[in-house]
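What follows draws every value from the coordinates through simple rules; no lab data is involved. In this text, all values refer to a predicted model and were calculated from it rather than measured experimentally. Please note: Cβ atoms are built from the backbone with ideal geometry, for glycine as well, and neighbour counts cover all protein chains shown.
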Amino acid sequence: MDEALAAKVIAEIAAVKRIPVESITVDSTFEELAMDSLDAMNLLFSLEEHFGVSIPDEAANSIKDVRSTVAGVERLLAEKSEAGS
Amino acid sequence: MASAGRRVVATGAGVVCTLGNNAAECWTALRDGRSGIGPIQSVDMAGLRFQNGAEARTFKASDHFEAARCDLIDRFAQFAVVAARQAVSEARFEFTGDLRGRTAIITGTSMGGQTSLDRGFVAIYKEGRPRPHPFTIPLTMYNAGASQISMDLGITGPAFTISTACASATHAIGQAFWMVRSGAVEAAICGGSEAPFSPGILRAWEAMRVVTPDLCRPFSRDRKGLTLGEGGAMLMLETAERAIARGANILGEVVGFGMSADAGHVTQPSVEGPATAMAEALRDARTEAGAVDYINAHGTGTAANDATETRAIRQVFGPHADRLAISSTKSMHGHALGAAGALEAFATLMALREGVLPPTVSFNEADPECDLDVIPNTARRSQAAFALSNSFAFGGLNAVLAFRRWEGI
């Protein structure tokens, strides 16, 4: 896992939930973080803005924790750089 | 008579507008003839033909909502919730037993959360972003006020929103009044809210050429148009029987509601439509025109409305029109569109209760086209017992409420 990317995702979650960054780890689940569906939607919007990617609805429905979110963003960034190269 | 004849009273009022952040502050300003109209501060007004508005300048969302909730509730719905909290609190109404499910919430708004939508469109069309913020839909929806009140106060009864432009709140209060009177519900929180100060919305109003570059001067010969306002007002309505039984402080009685449609021009007002709505409100109240003492006029300050409203009043009241006292409180709180009828219902209830008729301020010169007693510039002591509150919307939809001073059963 890209640690720098994970840190950025965690920072976005902290901003959306208005909670300290330290309270989130890559192993945190959305349930543990009390992220409801609106929070998740808000997070995806922030990630799309921050990373310049478009997260498809299927992917949006499947992410339930920090690790899968980071993995998803990593994959989208890889696809983006391939498409751009 | 069956339950259709239950008497309905207001036992609480909540108000946020340019005149203050609660009912007491707003009534004091109305009574003192103090206008809240001034240069608009929340929007860059460069290049607009008008500069004045009636903003709720001291209202801060963070005083009323925690940060996460602020993201999810447009300013128009914030006004609705804060006013509803105040109304319920002032009424000391407790939702015991089955009352949570037997209380209605009916809100009016003309433009809903369009300031949030405007912000979203800036992101798309101006900043080139792929999509607006994901909360844009729940922020914008017209029923957000009713929904947020229900969630905030835990009320599970009938809840919905009426959008009839500048008559929205009056239609909402009228519907709530009828539901309580008929026994469909035991109580209702009703009124309206509006927050139209965004660059796009202000320019849309400018394009209509109905906003004055000056102050709002209803019925004055030199009037040049309306002044946009924002805010919210909610009333707590319940049966007189319940209010008396629980020892509530009764603000006044709602006794009639009338409606009509002009079926004419989309913006040009008619005489017939407003006259019919006033006559219907009197019929619903089972009251003769001669019993009316005061009318809180629609009185927008446009050339067309004020002259036409004058003719409609003369048509309904005949010679008694010259004994009526009439004022437009829009001269002080501005035209808050879908909230206007609720601000004015509040002003009317307080006028009857306090025995003081609020004036039409910024009035300079009598207009032969508006030859009624419009209480120019200074409030008046009065023993008025019966009043109407007029609201006439773009689209030709008219709504009129009738109120009576509460003097016991």
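So the values come out like this:
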| item | result |
| --- | --- |
| Global form of chain B, assessed from the alpha-carbon gyration tensor, a/c cut-off 1.5 | oblate |
| Using θ = phi - 60° and Karplus 6.51 cos²θ - 1.76 cosθ + 1.60, couplings along the stretch B:402-409 (whole Hz; Gly, Pro as x) | 10, 10, 10, 4, 7, 10, x, 5 |
| Nitroxide proxy distance, nm - points 7 Å out along Cα→Cβ at B:Asp222 and B:Asp371 | 2.3 |
| Set of lysines near A:Lys17 by C-alpha distance (under 30 Å), chain-local residues within fewer than 8 positions excluded | A:Lys8, A:Lys64, A:Lys80, B:Lys60, B:Lys126 |
| Shape of the stretch B:94-246, Cα gyration tensor, a/c cut at 1.5 | oblate |
| Reference-scaled alpha-carbon Rg (2.2 N^0.38 Å with N residues) for the protein assembly as shown | 1.08 |
| Simple Cβ-charge dipole of the protein assembly as shown, Lys/Arg +1 and Asp/Glu -1, about Cα centre, in debye nearest 20 | 1460 |
| Under Karplus coefficients 6.51, -1.76 and 1.60, residue-wise ³J(HN,Hα) of the stretch B:186-196 in Hz, glycine/proline x | 8, 8, 8, 9, 8, x, x, 8, 7, 9, x |
| Positive dipole terminus of the protein assembly as shown, leading residue within B:Val374, B:Gly341, B:Gly120 (C-beta point charges) | B:Val374 |
| Pairwise centroid distance, computed over Cα atoms, of the stretch B:221-287 with the stretch B:18-43, Å | 21 |
| For B:Ala385, residues with placed amide H under 5 Å, excluding near neighbours | B:Asp293 |
| CD proxy at 222 nm, helix term only [per DSSP H run n ≥ 4: -39500 (n - 2.57); per residue of chain B; nearest 500] | -9500 deg cm²/dmol |
| Residue order, fewest to most beta carbons within 10 Å, for A:Leu33, B:Leu30, B:Leu117, B:Leu19 | A:Leu33, B:Leu117, B:Leu19, B:Leu30 |
| Bridge type composition, the protein assembly as shown - antiparallel percent by DSSP, nearest 5 | 70 |
| Prolate/oblate/rounded label for the stretch B:257-369 (Cα gyration tensor, a/c 1.5) | rounded |
| 3J(HN,Hα) from dihedral phi, the stretch B:82-88, Karplus parametrisation 6.51/-1.76/1.60, rounded to Hz, x for glycine, proline | 5, 5, 5, 4, 5, 4, 5 |
